[in-house]
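What follows is calculated from the coordinates using simple rules that are stated; it is not laboratory data. Bear in mind the structure is a predicted one, so any value in this text is a computation, not a measurement. Cβ coordinates were reconstructed from backbone atoms using ideal geometry, including for glycine residues, and neighbour counts include every protein chain displayed.
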Amino acid sequence: MRIVSGIQPTGSLHLGNYLGAIRNWVRMQDSMEEGAQCLFFLADLHAISMPHVPAELRRATLEMAAALVACGIDADRSVLFNQAQVPAHSELQWLLNGTARMGWLSRMTQFKDKSGKNREGASAALFTYPVLQAADVLLYQATHVPVGEDQKQHLELARDIAQKFNNDFASEDAPVFIQPEPIIPPQAARIMSLRDGTAKMSKSDPSDMSRINLSDDADTMVKKIKKAKSDADALPSDTEGLDGRPEALNLVAIFATLADRSQAEVLAEYGGQGFGVFKPALAELVVETLSPITTRFNELLNDREALDAILARGAAQAREIAGPTLAAAYRSLGL
Ligand code: ADP
Ligand code: NA
């Protein structure tokens, strides 16, 4: 079993990114059986399909790498790298562009969504990036790829490309590519803003008090939880009692997600108590869980050499795994 998964580099990381995305990767790695392997990459090549600022992309890529390592991605067990440091991704994409059909790409709903009304002004990369995604996984003979609802269509495309390429250019007993199977990741947590409980916690919120950042120190986290919007009522003893109380629901949901308990269990413990009791407990849990992560995260961001070394080693491993498949793809095409 080999799982390949990419994550968009994003900077200014917060509790929502951790609980909604990064922690799931760590869990996937930790649940791998003996002999199975995860390859995790920062999808920096994908990022150029949309307008972007180069310095910000570089910073976001490093931040995401630091966060992944700080949160528990172990470079001794998993292969962690930036896509741009493994040229085989771009090379294979070009080779697969010969197999992907215009009609297939035209049916990708993400292109329609992301290009919006300005189809003519969209980059060609936005149109062909599903082919890069296919290259990302086919390059490593991935057996499984975690896909959310919005990525199912792209994995189908990767499977179609693999099948057509094998049909057209490989003999039946020596296919060049494996058709990867989807794994549906566990439903990701959705963490809301501390300001109102109804908007998503996001780096785009102008108020820093609306989110817990991975770069915050413990005192700041405690202060933010203390100031988080709540109401004057006690917590209910069951989840129905949270209806119509988005701020209370959000704080309970954060507690439950961090503690890996159900909201009902949290309410069984804290129901009847006011926020004067619940917030300090939540603050303690947030600090206890995030402190080791934020410490390591800040250390790594201040030690570029260490971080670069981790990524360089991952890229070298990735290039080695990719080598034979890329060579076979060239050969089959008569190149
Ligand atoms: P932001 O909203 O801060 O700009 P991104 O859009 O860059 O975050 O998201 C990066 C990853 O983190 C994505 O996988 C996204 O689903 C996840 N994520 C972002 N915000 C949240 C949130 N509030 N709750 C859960 N997951 C989130
Ligand atoms: Na966003």
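Things to note:
- Cα pair distances exceeding 13 angstrom across segment 238-286, given as percent: 52 percent
- Note, ³J(HN,Hα) from phi for segment 190-198, Karplus 6.51, -1.76, 1.60, rounded to Hz, x at Gly and Pro: 10, 9, 9, 4, 6, 7, 9, x, 10
- Averaging Cα coordinates gives a centre for segment 73-125 and one for segment 171-189; these two points are 17 Å apart.
- The phi-based Karplus calculation (6.51 cos²θ - 1.76 cosθ + 1.60; θ = phi - 60°) puts the 3J(HN,Hα) values of segment 261-270 at 10, 7, 4, 4, 5, 5, 6, 4, 7, 9 Hz, whole numbers, x for Gly and Pro.
- Among 172, 156, 320, sorting on how many other beta-carbon atoms sit within 10 Å of each Cβ, with the fewest leading, yields 172, 320, 156.
- Relative exposure of 222, 286, 277, judged by other C-beta atoms within 10 Å (fewest first): 277, 222, 286
- Considering all different alpha carbon pairs of segment 198-240, the Kirkwood hydrodynamic radius works out to 12.3 Å.
- Relative contact order, percent, the chain [alpha-carbon distance under 8 Å, six or more residues apart]: 23 percent
- Angle between the chain longest axis and helix 124-138 axis [Cα atoms, degrees, rounded to 10]: 90 degrees
- Residue order, fewest to most surrounding Cβ atoms within 10 angstrom, among 114, 224, 152: 152, 114, 224
- Between amide H atoms placed 1.01 Å from N, distances below 5 Å from residue 200 occur with 193, all of them 5 or more places distant or on a separate chain.
- For segment 300-315, 3J(HN,Hα) per residue [Karplus equation, 6.51 cos²θ - 1.76 cosθ + 1.60, θ = phi - 60°, Hz, x = Gly/Pro]: 5, 5, 8, 10, 4, 4, 4, 5, 4, 5, 4, 5, 5, 5, x, 5
- Angle in degrees between helix 246-259 and the longest Cα principal axis of the chain, rounded to the nearest 10: 70 degrees
- When each of the peptides 144-151, 236-243 is scored by how many other beta carbons lie within 10 Å of its residues on average, the order from highest to lowest is 144-151, 236-243.
- Dividing the summed -39500 (n - 2.57) terms of all DSSP H runs of n ≥ 4 by the residue count of the chain sets its mean residue ellipticity at 222 nm at -16500 deg cm²/dmol.
- Degrees separating the helix 152-169 axis from the principal Cα axis of the chain, which is the longest one: 20 degrees
- Gaussian network model of the chain, Cα within-10 Å springs - most flexible of 264, 75, 100: 264
- Over every Cα atom in segment 1-137, the radius of gyration and the widest Cα-Cα span, Dmax, amount to 16.0, 49 Å.
- Shape category assigned to the chain from the gyration tensor of Cα positions, a/c cut at 1.5: prolate
- Dimensions in Å of segment 81-203 - Rg and Dmax from alpha carbons: 17.0, 60
- Within the straight-line cut-off of under 24 Å between alpha carbons, the lysines reachable from residue 203 are 114, 223, 224, 226, 227, 229, 279, sequence neighbours fewer than 8 places apart in one chain being disregarded.
- Share of pairwise Cα-Cα distances greater than 24 Å in segment 208-300 is 20 percent (whole percent).
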